[in-house]
1. How far is it, in nm, from the label point at A:ASP251 to the one at A:ALA277 when both lie 7 Å from their Cα along the line to the Cβ?
2. Nearest 20 debye, what's the magnitude of the dipole of region A:146-226 about its Cα centre given +1 on Lys and Arg Cβ and -1 on Asp and Glu Cβ?
3. Over the alpha carbons of region B:58-208, what is the largest minus smallest coordinate on each principal axis, giving the biggest first in Å?
4. Mind ranking A:PHE167, B:PHE238 by accessible surface for me, highest first, 1.4 Å probe?
5. Excluding ligands and nucleic acids, what accessible area in Å² is computed for A:ARG118 using a 1.4 Å probe, to the nearest 10?
6. By its C-alpha gyration tensor, with a ≥ b ≥ c as the square roots of the eigenvalues, how is chain B shaped: rounded for a/c under 1.5, else prolate for a/b larger than b/c, else oblate?
7. Give, as a single signed number, the net charge of other residues whose beta carbon lies under 12 Å from the beta carbon of B:ASP92, with Lys and Arg counted +1 and Asp and Glu -1.
8. Can you bin region A:200-313 into rounded, prolate or oblate? Criterion: square roots of the alpha carbon gyration tensor eigenvalues sorted a ≥ b ≥ c, rounded for a/c under 1.5, prolate for a/b above b/c, oblate for the rest.
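The values are calculated or read from the model by the stated rules, or taken from the named source; none is laboratory data. These figures come from a predicted structure and were not determined experimentally. Here the Cβ positions follow ideal geometry from the backbone for every residue, glycine too, while neighbour counts run over all protein chains shown. These area figures cover heavy atoms from the full protein model, side chains too; ligands, DNA and RNA do not enter into them. Shrake-Rupley method; radii C 1.70, N 1.55, O 1.52, S 1.80 Å.
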Amino acid sequence: MFYLKARGHRTVLLTPAHSMSGPEGPNPMRHAPARSFRRAVHSLAVVCLLGAFSVPQGAAGQIGNVGKKARDAAGRAMGGQQQGEAVQFDNVTLELTPARLDQLIKGLRARRAALDGRGGEPSVSALRAQRDAASNAASELRSSNGRDIDTYRDRAYQVKYCRDEAFNEKRNAREEASRNRIMSDPVLLQKFMELSQRAAEAQQRSDTAELLRIQAEADNLYGKPTKADSADVDRKCGRSPTPPPALARLDSLQALEARFGERLRQREREADSLAVAGSGLTTEQMAMGEERAQMYLTQVETESAHIGFTKTEVAALDARREELEDLL
Amino acid sequence: MRRLAVAVLALGAAGAAPPPTLPQSALAVWTPSGWQEWWQSAAAPRHWTAPDPTLAGVLRWRPVADGVSWAELRLAGSGEAWRTRVVVARIDPRRVRLRLDTAFAAGSGRAAWSVRDARPEAVFAVNAGQFLHSMPWGWVVLDGRQFLSPGPGPLASAVLFDTTGAVRWMHGDVVTDSVNRAAIAAAFQSYPTLLTHDGRVPFQLQAPGAGVDLSHRDARLAIGEARDGTLLVALTRFDGAGTAFDFLPFGLTTAEMAALMGALGARDAVMLDGGISGQMLLGTGDAAVRWAGLRKVPLALVAVPR
């Protein structure tokens, strides 16, 4: 059912669904229909208990009538079909009336058309097929040359680690030697203090890019590695090994996969823009409408109660269910 | 939730001068002595320098694996956030290995990762970043290789994991030229930024009018880093009627989520995809606990034992 993206150490192992569940029990949307009534009774018990909780003094006015909300929620949970306003509608969460649902479906159709290809552009599924071909070829290459590649990478890592350490030691030695020179030169001392100040500020705001720039400037101040330093490090650590021929091919395939990934993403961005334009909704309203329609379809699939929807919404969604199943 | 917060990304730094205050709201936490209010919009801190003692006092950390523990909070907020359960995971990157996993369905190419599909050895897993139709949004680095290029935006944040397991953050536009890519094992981007510059709330979240909807409530998910280097991941669920209403779009506002992460002790934080996408796994085998989502996602942050 799934294809696995095997890339080095991040092979995704898609195992059969585990039987474990969260501390609150399985996802209610996945309950068997026979459990709906039991859940509703449980919900009623819970909300009744909640109604008895005291409300913090300062927040009471804003939290509203907890008891009433609990009763409303209990009534909704017991009702099987959702009753009343289950969702607080706002500028993002709009009630899915027949007219709004029509807007949503227009947007989804516009997106579908864009993803299927227009103006001679390849469809998204064609791009995915190309991306997957590159990905699978890379996986095969890695499988057949994995030992050579891993051996090279291990050795290259060891060499790089050794060289970094060795250059760090030499850098520390240069810093030590430069300290007296800097302390006795007012211009260098001023520069050093400015760098220290900038480094402290960059550290505070986690500005990695600025820290790297400061590091480069400090290296200039202390003096760069000499040819003699490089020769010493070469003698101690050796040079990086020659990569196996398959690695260049692997890099090329992975770069190709990334390029198709970028193209796919660009097409999805364009399709989303067209969906929003076609719907007449805002980006956020469209996304929330789509999300709630998906939630409705999950409830249908699992034969769960339509929790979280008004009667108007359920009627409208029921009427367009087949289209939504096709588009989502 | 797959909200394409174009406004957040494009207009975050623009717009007219914002009004001075957040929409009126407050947050209280359930303690052994009852509800205690710990945050008010009218007096919202702009800089979190330490965990909130009230919240810290009620957290009961439960270890599920070496370097991974979790706790729960019950919050009472305004409006539809009148009951919100928060699951907080705490991960020590020095004691686990963090990586990103992807999965796409054969044929449709749809995003296909869920906590049910997490690798068996995972001791923690959560959906990472935001996504478009099927592809992750923004920067993705896998195994030291750039898989997808960075996304722009003043409220975008990148979370980077280097080869030693250390976590780094980059807020705003990622300038990849300046990043020492050789040291990056994995990275992803998300939005909006909740905390930056050692606990500071971005000005776009301090008052409306700067391109961010500060009144909308939803189920939320966020990741942050505490001052001791541990990662904090907070997942909210509506807690009004057992688990029956888990996925209703009830919950905290973006500003309240920034406050929650600050109060938990984060110095950097960013929102992840919440709503029906939000899902988390803690522990492994029979001891595992899991909060499932209703939607599969293309990218996951996973921790495995070292």
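1. 4.0
2. Values: 15 positive and 15 negative charges, 41 e Å.
Approximately 200 debye in magnitude.
3. Computed over the Cα atoms, the extents are 43, 41, 36 Å.
4. Working: A:PHE167 55, B:PHE238 5 Å².
Final ranking, largest accessible area leading: A:PHE167, B:PHE238.
5. Looks like 110 Å² after rounding.
6. Working: a/c = 1.42, a/b = 1.15, b/c = 1.24.
Because its axes are fairly even, with a/c under 1.5, chain B counts as rounded.
7. Details: positive: B:ARG90, B:ARG94, B:ARG95, B:ARG97, B:ARG306; negative: B:ASP66, B:GLU225, B:ASP228.
Net charge in that neighbourhood comes out at +2.
8. Numbers: a/c = 3.39, a/b = 2.25, b/c = 1.51.
It is prolate, given that a/c is not under 1.5 and a/b is the larger ratio.
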